[in-house]
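**Q** Would you mind keeping the following structure in view while I ask a few things?
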Amino acid sequence: MPVRIRPSAPISLHRSRRKISHSLDVPGHPACYKLRAVNSQPYTIHVTDRVLDDLHERLARIRWPDMVDGAGWNYGANLDYVRELAEYWLTGFDWRAQEARLNLLPNYRAEVGGLGIHFIHVRGNGPHPLPIVLTHGWPSTFLEELEMLPLLSDPAAHG
């Protein structure tokens, strides 16, 4: 029977905000399979008012080019679409609401190879939960995978 996911269904995540450290040792395998511990710190997403004000100022003073008649999307993004998008970001998009929603998730940050990596960490339920790493590429986002988290972290609760 296929799993049905209701987009409006609330997402229930464990919100453990303590420092976490991960390591994995695979018995019987060469040392290259042993991963070093990664120290992770709880992370709160916050964009300063100054950054948001700067964005709004730049959106308000965009110098729009002329559109090539009938070009549509042939020479890049459709200018009418981009204007509509910029207007929405300037007058309709509420970053603070999105920021608050994102901060309901168990956000963490770790340094890996000199890069600051942001991730969410959801612990599995049950007697033998398996670690699962969900990754994404550009221009995707982990937000596309949120509906799967309850199914993967607590499969017994979902049949």
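**Q** Can you work out which of the residues in the range 69-85 that are among the aliphatic types (A, V, I, L, M) and under 22 Å from Leu59 (Cα atoms) is surrounded by the most Cβ atoms within 10 Å (Cβ to Cβ)?
**A** Taking the range 69-85 and keeping what is among the aliphatic types (A, V, I, L, M), we get 71, 77, 79, 82, 85.
Now restrict to residues that are under 22 Å from Leu59 (Cα atoms): 77, 79, 82, 85.
Values: Ala77: 9, Leu79: 17, Val82: 14, Leu85: 14.
So, considering only residues that are among the aliphatic types (A, V, I, L, M) and under 22 Å from Leu59 (Cα atoms), the one surrounded by the most Cβ atoms within 10 Å (Cβ to Cβ) is Leu79.
**Q** Can we say Asp154 is exposed (fewer than 11 other Cβ atoms within 10 Å of the Cβ), among the acidic types (Asp, Glu) and out of contact with any strand residue (DSSP E or B) (no Cβ under 6 Å at 6 or more places or on another chain)? Don't jump to the end; show me each part of the working.
**A** Working: exposed (fewer than 11 other Cβ atoms within 10 Å of the Cβ): no; among the acidic types (Asp, Glu): yes; out of contact with any strand residue (DSSP E or B) (no Cβ under 6 Å at 6 or more places or on another chain): yes.
No.
**Q** Let me ask something else. From the list Val68, Val122, Val82, Val51, which residue is of a type in the set (A, V, I, L, M, F, W, C), part of a loop (DSSP other than H, G, I, E, B) and not assigned by TED's automatic domain parsing to the domain that holds Leu143?
**A** Matching residue, one of Val68, Val122, Val82, Val51: Val68.
**Q** Let me ask something else about it. Report, by residue number, each residue of the range 85-102 that is among the charged types (D, E, K, R), assigned to a helix (DSSP H, G or I) and under 21 Å from the mean Cα position of the chain (by Cα).
**A** Kept after step one, since they are among the charged types (D, E, K, R), are these residues of the range 85-102: 87, 94, 96, 99, 101.
Checking the rest, the ones that are also assigned to a helix (DSSP H, G or I) come to 87, 96, 99, 101.
Within the range 85-102, Arg96, Glu99, Arg101 meet the criteria.
**Q** Report, by residue number, each residue of the range 97-116 that is surrounded by 11 or more Cβ atoms within 10 Å (Cβ to Cβ) and of a type outside the set (A, V, I, L, M).
**A** Selection gives Gln98, Glu99, Arg101, Asn103, Pro106, Asn107, Tyr108, Arg109, Glu111.
**Q** Would you mind telling me which numbered condition in (1) within 30 Å of Arg58 (Cβ to Cβ); (2) in contact with a Leu (Cβ under 6 Å, 6 or more places away or on another chain) Glu144 fails?
**A** Here Glu144 meets the rest and fails (2).
**Q** Please specify each residue of the range 128-159 satisfying the condition of being more than 16 Å from Pro106 (Cα to Cα), of a type in the set (A, V, I, L, M) and assigned to a helix (DSSP H, G or I).
**A** Leu151, Ala156, Ala157 - these are the residues of the range 128-159 that are more than 16 Å from Pro106 (Cα to Cα), of a type in the set (A, V, I, L, M) and assigned to a helix (DSSP H, G or I).
The values are calculated or read from the model by the stated rules, or taken from the named source; none is laboratory data. Being a predicted model, the structure only gives us computed values, none of them experimental. FYI the Cβ positions are ideal-geometry reconstructions off the backbone, even for glycines, and counts take in every protein chain you see.
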